[in-house]
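The values are calculated or read from the model by the stated rules, or taken from the named source; none is laboratory data. The structure presented is a predicted model; accordingly, all values stated were derived computationally and were not measured. Ideal geometry is used to build each Cβ from the backbone, glycine not excepted, and the neighbour counts take in all protein chains shown.
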Amino acid sequence: MPPATAPTSTAWFAIPQPRPQAQVRLFAFPHAGGGNTSFRPWFQYAPPSIEWCLLSLPGREQRLHEPSVQRLDQLVALLAQAIVPFMTMPSVFWGHSLGSFVAFELARELVRQGRPGLRQLIVSGQRAPHLPHSRLPLQHLPDQQFLREIQQRYNAIPDAILQEPELLQLFLPAMRADAALLETYTYQEGDPLTCPISAFGGTGDRMVSAADIEAWGAQTRGRFSARMFPGGHFFLNETRGEMLRAIAQDLAI
């Protein structure tokens, strides 16, 4: 269960560039070890019809000294409480990698609570949640082996951090916490969502195949689309303009 004194909503979510004429509010859920800064380069590419709302997780960036959450069900319970004041206009969730599972389970939890549904769920760089996962668990590996496995699977740690031991020690706890979030997550059968789902993948992603992306279609009764983009697990960093055009097309804005 979440703590009785959970941080306020503004600790979890922020709108860095308010757009009064926006048609949708896009909530961005980062990849494992990532933070809200990973989405900031997208602002210059996004049309004015999209207003960004960024998630800040404890244990990183401006919340570095707060304890990380290590179970996805606990994180979702906290987010379901914190997000309510921000869902004042048509809402879209977009998660990348681990963030896809967070966005998906939060969408399901809001439905269970009878709250307004999403206009769209966007997932990228992640297999559909009902598919089996058999990779070696990472969370309890020694530091060097943990880092080596993370790099081999995702190439997720910037060289600037790898080359600075002090930065790496700040980075490691968030990575381990997110590994725990992913590896303790157990999908529970339930009704498909009614909102549309868009699923994106990278053609060179060694962890997530095109079939893994297509399988997200089983999680909605609404419209479903799947697209593959050139690149590896972080294909989105090289295809921002193309991806945003695809998102705008799916949202019809």
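Among (1) of a type outside the set (A, V, I, L, M); (2) closer than 23 Å to Arg176 by Cβ; (3) surrounded by fewer than 21 Cβ atoms within 10 Å (Cβ to Cβ), which single condition is Gly125 missing?
Looking at each condition in turn, Gly125 falls short on (3).
Residue-by-condition table, conditions (1) under 21 Å from Leu55 (Cα atoms); (2) at pLDDT 95 or above:
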residue	(1), (2)
His96	yes, yes
Ala103	yes, yes
Ala107	yes, yes
Ala128	no, yes
Leu138	no, no
Asp143	no, no
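For segment 83-113, enumerate the residues that are among the hydrophobic types (A, V, I, L, M, F, W, C) and buried (at least 19 other Cβ atoms within 10 Å of the Cβ).
Ile83, Val92, Phe93, Trp94, Leu98, Phe101, Val102, Ala103, Phe104, Leu106, Ala107, Leu110
Out of all the residues in segment 142-168, which are closer than 13 Å to Gly34 by Cα, touching a residue at least 12 places away in the same chain (Cβ under 8 Å) and exposed (fewer than 14 other Cβ atoms within 10 Å of the Cβ)?
Matches in segment 142-168: Asn155 only.
Could you please give the count of residues in segment 169-184 that are surrounded by fewer than 18 Cβ atoms within 10 Å (Cβ to Cβ) and either within 26 Å of His130 (Cβ to Cβ) or over 22 Å from the mean Cα position of the chain (by Cα) (or both)?
The qualifying residues number 3.
Is there a residue in segment 81-90 that is in contact with a Phe, Trp or Tyr (Cβ under 7 Å, 6 or more places away or on another chain), among the β-branched types (Val, Ile, Thr), assigned to a loop (DSSP other than H, G, I, E, B) and modelled with pLDDT of 95 or more?
Yes, segment 81-90 has at least one match.
Please pick out the residue among Gly232, Gly241 that is assigned to a loop (DSSP other than H, G, I, E, B), farther than 27 Å from Asp73 by Cβ and either of a type in the set (Gly, Ala, Ser) or at pLDDT 90 or above (or both).
Gly232
Yes or no: Asp159 acidic (Asp, Glu) and under 28 Å from Phe229 (Cα atoms)?
Spelling it out, Asp159 is indeed acidic (Asp, Glu) and under 28 Å from Phe229 (Cα atoms).
Would you pick out the residues in segment 193-211 that are under 16 Å from Leu121 (Cβ atoms) and surrounded by 15 or more Cβ atoms within 10 Å (Cβ to Cβ)?
Result: Leu193, Cys195, Pro196, Ile197, Ser198, Ala199, Phe200, Gly201.
If I filter segment 118-141 down to residues being among the hydrophobic types (A, V, I, L, M, F, W, C) and touching a residue at least 24 places away in the same chain (Cβ under 8 Å), which single residue comes out as nearest to Tyr154 (Cα to Cα)?
Within segment 118-141, the match that is nearest to Tyr154 (Cα to Cα) is Leu138.
Is it the case that segment 29-44 has a residue that's among the aliphatic types (A, V, I, L, M) and in contact with a Pro (Cβ under 6 Å, 6 or more places away or on another chain)?
no
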